[in-house]
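*Asks:* Would you mind keeping the following structure in view while I ask a few things?
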């Protein structure tokens, strides 16, 4: 009986056949977590609703949705259905970050929602093993989040929201 249990346990944990595979999986997940964390830290520093942990979880989750099917032997062409689900699901998550204040004619949370969506994309890219693309994308997003506000004129708080602007 103990031998049957041991054999079953070995079989259940055989999805990672060697050290090379576990290293690849670990690197991809850590890259996703790190890059998501960098973007989340920027949002948290600005006091936005979705911060460090949210962005890290979105990136790691997106990487997992790619890694799992790939490890299971899914063809890259069939992975498009998985990616469609990730994009749609993250869209719903991002929609939860958007607040419309009709009395003030303000929309808040658009940048945070777009950042969550982009973070999922970076997680997918990291999960596919395109680490350089993921790092470059993160750098571009950071430039957009940090530099663009410096070159835009200040908006009156009564005129438009802090992230989305006037919805007209």
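*Asks:* Can you work out which of the residues in region 132-153 that are assigned to a loop (DSSP other than H, G, I, E, B) and within 18 Å of residue 48 (Cβ to Cβ) is modelled with the lowest pLDDT?
*Replies:* Step by step, filter region 132-153, then rank; the result is 152.
*Asks:* Same structure, new question: When region 44-53 is examined, which residues are found to be in contact with a helix residue (DSSP H, G or I) (Cβ under 6 Å, 6 or more places away or on another chain) and in a helix (DSSP H, G or I)?
*Replies:* Answer for region 44-53, where residues must be in contact with a helix residue (DSSP H, G or I) (Cβ under 6 Å, 6 or more places away or on another chain) and in a helix (DSSP H, G or I): 44, 52.
*Asks:* Next up: Being more than 14 Å from the chain's Cα centre (by Cα) and assigned to a helix (DSSP H, G or I) narrows it down to one residue among 66, 82; which is it?
*Replies:* Only one candidate qualifies: 82.
*Asks:* Within the group 141, 124, which residue is in contact with a helix residue (DSSP H, G or I) (Cβ under 8 Å, 6 or more places away or on another chain) and surrounded by 21 or more Cβ atoms within 10 Å (Cβ to Cβ)? Step through it out loud before you land on a result.
*Replies:* Values: 141 fails: surrounded by 21 or more Cβ atoms within 10 Å (Cβ to Cβ).
Exactly one residue qualifies, and that residue is 124.
*Asks:* Go through 129, 94 for me and flag whichever is surrounded by 12 or more Cβ atoms within 10 Å (Cβ to Cβ), at pLDDT 80 or above and assigned to a helix (DSSP H, G or I).
*Replies:* 94 is the lone residue from the list that is surrounded by 12 or more Cβ atoms within 10 Å (Cβ to Cβ), at pLDDT 80 or above and assigned to a helix (DSSP H, G or I).
*Asks:* For residue 80, all conditions in the list (1) farther than 20 Å from residue 40 by Cα; (2) without any contact (Cβ under 8 Å) to a residue 40 or more places away in the chain; (3) surrounded by 14 or more Cβ atoms within 10 Å (Cβ to Cβ) hold save one; what is the number of the exception?
*Replies:* Failing condition for residue 80: (3).
Per-residue answers, yes or no, for (1) touching a strand residue (DSSP E or B) at 6+ places or on another chain (Cβ under 7 Å); (2) under 17 Å from residue 129 (Cβ atoms); (3) surrounded by 18 or more Cβ atoms within 10 Å (Cβ to Cβ); (4) modelled with pLDDT of 95 or more:
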{"residue": "10", "(1), (2), (3), (4)": "no, no, no, no"}
{"residue": "27", "(1), (2), (3), (4)": "no, yes, no, yes"}
{"residue": "30", "(1), (2), (3), (4)": "no, yes, no, yes"}
{"residue": "44", "(1), (2), (3), (4)": "no, no, no, no"}
{"residue": "48", "(1), (2), (3), (4)": "no, no, yes, no"}
{"residue": "59", "(1), (2), (3), (4)": "no, yes, yes, yes"}
{"residue": "62", "(1), (2), (3), (4)": "no, yes, yes, yes"}
{"residue": "74", "(1), (2), (3), (4)": "no, yes, no, no"}
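The values are calculated or read from the model by the stated rules, or taken from the named source; none is laboratory data. Worth saying up front: this structure is predicted, and the values here are computed from it rather than measured. Don't worry about glycine lacking a Cβ; one is built from the backbone with ideal geometry, like all the others, and counts go over all protein chains shown.
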